Amino acid sequence: FRASQQSHERWKISGRVPFPGKCIVPDGAQISDLITAAGGILDDADLRASIFTRESTRRMQQTRLDHLVERTRRLAEAALERLVQTGRPKEGLAAKIAVAQTQDMLERTTFKQAQGRIVVPFNSPDFPNTNYNLTLQSGDTLAIPRRHSTVSVSGDVFRPVTFVVDDRVTVDEALRKGGGITEMADKDLIYVIRANGEIERAHSKRLLSKNTYLYAG
């Protein structure tokens with residue numbers, strides 16, 4: 001009789017843990033097991049803002065990004081061709097300018113590589129026993145940053161600002177700290193980037209309501 005040996009693999013964890021680096025955990029281990037193998041989290045860690053990445057997800061995201069870039073390029077070229085064929089000089093010139101701007105955007109987008117980040121709500125009640133506690137796959141990484149106590153406001157406000165938050169503030173209060181929005185701003189395009197990577201975007205009445213809060217990070 002020969003007992004089979006349980007397989008173990010290495011996964012990388014970095015940031016605010018006592019033992020960052022590659023941790024050995026058994027096959028079938030979950031995210032919480034990786035954190036435990038690294039000694040838990042330090043007091044100044046912000047688990048809510050942790051970045052969990054997966055190689056298979058990165059490849060899928062990169063494929064979608066490449067398809068988006070190529071589709072946008074084809075649409076821009078087709079729009080230019082249609083306008084040039086109208087024989088109207090002003091419209092043709094405007095189209096060429098628009099396509100040039102689109103090409104510039106595409107060139108910048110092409111250099112952006114997908115990260116493979118999966119949004120994991122670590123602050124969910126009883127996280128280890130939820131479906132969010134994913135089973136690890138080869139190539140997974142987890143980065144746990146230091147806790148930040150600030151919120152930043154940028155874009156078309158009179159004064160882009162970063163300020164300290166004791167507990168929470170509403171979106172409207174944050175905008176006021178930035179001097180309010182400018183005349184060029186579009187309220188319906190305001191969005192919030194949460195610490196866990198989620199992007200919250202809604203019509204201004206909802207996002208600017210007293211029930212939408214911003215938290216540190």
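The values are calculated or read from the model by the stated rules, or taken from the named source; none is laboratory data. Since the model is a prediction, treat every value here as computed from it, not as a measurement. No Cβ is skipped: glycine too gets one built from the backbone with ideal geometry, and neighbour counts run over all protein chains shown. Calculation scope for accessible area: heavy atoms of the full protein, side chains included, ligands and nucleic acids excluded. Shrake-Rupley method; radii C 1.70, N 1.55, O 1.52, S 1.80 Å.
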Could you put 166, 172, 140 in order of accessible surface area, largest first, with the 1.4 Å probe and the full protein assembly present?
166, 172, 140
HN-Hα J in Hz across the range 174-183 - Karplus 6.51, -1.76, 1.60, θ = phi - 60°, x for Gly and Pro:
5, 5, 5, 5, x, x, x, 7, 7, 5
For residue 213, list long-range residues whose amide hydrogen, built 1.01 Å from N in the peptide plane, is under 5 Å from its own amide hydrogen.
none
Return, ordered by residue number, the residues of the range 35-70 whose backbone nitrogen is under 19 Å from a label point located 7 Å along Cα→Cβ of residue 129.
36
For residue 25, residues with placed amide H under 5 Å, excluding near neighbours:
9, 11
Note the full-extension length gain between residue 172 and residue 115 as 0.36 nm times their separation in residues minus their Cα-Cα distance, in nm to one decimal.
17.4 nm
With a cut-off of at most 12 other beta carbons within 10 Å, and DSSP calling the residue loop, which chymotrypsin sites (Phe, Trp or Tyr not before Pro) in the range 154-217 qualify? Please list them.
158
For residue 42, residues with placed amide H under 5 Å, excluding near neighbours
17
Only sites in a loop by DSSP and with at most 16 other Cβ atoms within 10 Å count here; which trypsin sites (Lys or Arg not before Pro) in the range 172-203 make the cut?
194
